[in-house]
Amino acid sequence: MKILVINAGSSSLKYQLMDMDSETAIASGNCERIGLDGHFKHKTVDGRKVEMNIPLPDHETAFELVLKTLTDGSAAVLKSTKDIAAVGHRVVNGGENFPSSVLVTDSVIEEFEKVINFAPLHNPKALEIVKACRKKLGKDMQNSMVFDTSFHQTMPPHAYMFGIPFEYYEKYRLRRYGAHGTSHRYVSHRCAKLMQKNLSDLKIVTCHLGNGSSISAVNYGRCIDTSMGFTPLGGLMMGTRSGDLDPSVVTELMQKENLSPMEMEEILNEKSGFLGVSGVSSDARDLQEAAAKGSKRAQIVLNMIRYQIKKYIGSYIAALGGLDALVFTGGIGENSHPLRTAVCANMDYLGIRIDDGKNIATVFGNEGDIATPESKARVYVIPTNEELLIARDTQELLEQQG
Ligand code: ADP
């Protein structure tokens, strides 16, 4: 069975065509700069490649190009789109309406439209592609929606409520939803598999650290807390996002600088975080380089992020009442051994002790346990694979439907 996995960003459309017998990607690619000048990249498992600048005025045009490239020309991998069993769509925020993945129907679309504004840059694009799929691939083609928020829907009210008047929760459903749920779910399952234990017996803290970052507390397979909030702006400081702040910083700045809500949002989402504090870059590698060359602000950012991650891990171990495993994933989590060293330093009293040699050796897509044999908790580096989980969910939904 072949499943096409689509990940629609605000100006991009990433895709992978998954073969479910081998659980590997037969082809993958990315349409970038949609709505701007347009750039397209595609590659197949046997090394064929397409790359070009091409006008991509909207997501529907980009999707048409993906279908054409998969079925026609030098890097085609399918005879026809009929060889695709279903399409799985990554969706950023399904609010409270979607505690699990679903097959798309008219009523699912109606429900989703009620929460579309919870991720204003991403949710409308995901829906645009879902609708384009239904139009271009016909009624017989099943589409699934796999929500980044579903995994966090098991959080109890004391973890997801904010300390603001209850009426705003009732009116606007303002609460913590979290994000990266598909990644936290994938790595927690994979961690249990590597430990040869049942997920339902384990207390795990999962750290997804990339351009966007979040940490989750996973208690016997259920998420009980996560660092991101109403939107992916909350929690840890990130590449360009501020993370958590004293809320009065926001109102003070708006007054002092005479900023509109949109302008304030732009500062918090695009001009803050690593970039805003360092004045160097939003990219963790650039910060390491700049700090090594003596940039004090870059060094402060590195110290800030390492300290914040450590604090979250400590608080989540307290929330879980113990720890069996700590997992690092995402571009920074998988690759930055100096960050893992700093985060795990002096955590012996919480059962975490890493082996320097194993830590340094585990980078660039490698999976491994970097804890010492004596460490009470295991510490894993696990490359995330959200696309595989989306494809698995889609396959399962098709099988349930029969
Ligand atoms: P996204 O959240 O966009 O999916 P990624 O998970 O790919 O992002 O993570 C991107 C981040 O990973 C960037 O900050 C990048 O600098 C960082 N990164 C990648 N490789 C390394 C490395 N070897 N050392 C430190 N950071 C790295």
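The values are calculated or read from the model by the stated rules, or taken from the named source; none is laboratory data. As the structure is a computational prediction, the values presented were derived from the model and not from experiment. With ideal geometry, Cβ positions are generated from the backbone for all residues, glycine too; neighbour counts draw on all protein chains shown. The protein model used for the area step is the full one, side chains on, heavy atoms only, and it has no ligands, DNA or RNA in it. Shrake-Rupley method; radii C 1.70, N 1.55, O 1.52, S 1.80 Å.
Would a scan of segment 74-93 turn up a residue that is within 19 Å of the chain's Cα centre (by Cα) and free of Cβ contacts under 8 Å to residues at least 60 places away in the same chain? Yes; the residues of segment 74-93 include at least one that is within 19 Å of the chain's Cα centre (by Cα) and free of Cβ contacts under 8 Å to residues at least 60 places away in the same chain.
The lone criterion from (1) more than 16 Å from the ligand (Cβ to nearest atom); (2) under 23 Å from Asp225 (Cβ atoms); (3) of a type in the set (D, E, K, R) left unmet by Glu386 is number (1). When the criteria are applied in full, Val102 meets the requirement of being open to solvent by less than 60 Å² (accessible area, probe 1.4 Å), farther than 16 Å from Met1 by Cα and touching a residue at least 60 places away in the same chain (Cβ under 8 Å).
Among the candidates Glu51, Glu113, Glu64, which residue alone is in contact (Cβ under 8 Å) with a residue 60 or more places away in the chain and open to solvent by 60 Å² or more (accessible area, probe 1.4 Å)? Just a single option satisfies the conditions, and that option is Glu64. Of all residues in segment 274-295, which are under 22 Å from Gly234 (Cα atoms) and within 10 Å of the ligand (Cβ to nearest atom)? Result: Phe274, Ser281, Ser282, Asp283, Ala284, Leu287.
What is the residue count in segment 168-200 for residues that are part of a helix (DSSP H, G or I) and of a type outside the set (A, V, I, L, M, F, W, C)?
To start, the set of residues in segment 168-200 that are part of a helix (DSSP H, G or I) comprises 168-172, 181-195, 199-200.
Keeping just the survivors that are of a type outside the set (A, V, I, L, M, F, W, C) gives 168-172, 181-186, 188-190, 193, 200.
Total meeting the criteria: 16.
Selection within segment 349-402: residues that are open to solvent by 50 Å² or more (accessible area, probe 1.4 Å), assigned to a helix (DSSP H, G or I) and among the polar types (S, T, N, Q). The member of this set that is nearest to Leu194 (Cα to Cα) is Gln400.
Does at least one position in segment 164-175 carry a residue that is touching a strand residue (DSSP E or B) at 6+ places or on another chain (Cβ under 6 Å) and open to solvent by 10 Å² or more (accessible area, probe 1.4 Å)? Checked against the condition, which is being touching a strand residue (DSSP E or B) at 6+ places or on another chain (Cβ under 6 Å) and open to solvent by 10 Å² or more (accessible area, probe 1.4 Å), segment 164-175 yields no hits at all. Which of the residues that make up segment 29-38 are free of Cβ contacts under 8 Å to residues at least 40 places away in the same chain, open to solvent by less than 30 Å² (accessible area, probe 1.4 Å) and outside any loop (DSSP other than H, G, I, E, B)? Result: Asn30, Cys31. For segment 316-345, a residue qualifies if it is more than 16 Å from the ligand (Cβ to nearest atom), surrounded by fewer than 20 Cβ atoms within 10 Å (Cβ to Cβ), under 22 Å from Pro373 (Cα atoms) and aliphatic (A, V, I, L, M), and exactly one does: Ala345.
The number of residues in segment 24-37 being within 20 Å of the chain's Cα centre (by Cα) and acidic (Asp, Glu) comes to 1. When segment 99-128 is filtered for residues that are under 26 Å from Met20 (Cα atoms), part of a helix (DSSP H, G or I) and small (Gly, Ala, Ser), only Ala126 remains. The numbered conditions (1) assigned to a strand (DSSP E or B); (2) closer than 23 Å to Thr182 by Cβ are all true for Glu96 except (1). What number of residues within segment 144-163 satisfy the criterion of being crowded, with 23+ Cβ neighbours inside 10 Å and in contact with a Leu (Cβ under 7 Å, 6 or more places away or on another chain)? Total satisfying the criteria: 1.
So, Glu51, is that one modelled with pLDDT under 95 and in contact with a Phe, Trp or Tyr (Cβ under 9 Å, 6 or more places away or on another chain) or not? So Glu51 fails the test.
Residue selection: Ala192 satisfies the criterion of being farther than 27 Å from Gly95 by Cβ, open to solvent by less than 30 Å² (accessible area, probe 1.4 Å), out of contact with any Pro (no Cβ under 6 Å at 6 or more places or on another chain) and more than 16 Å from the ligand (Cβ to nearest atom).
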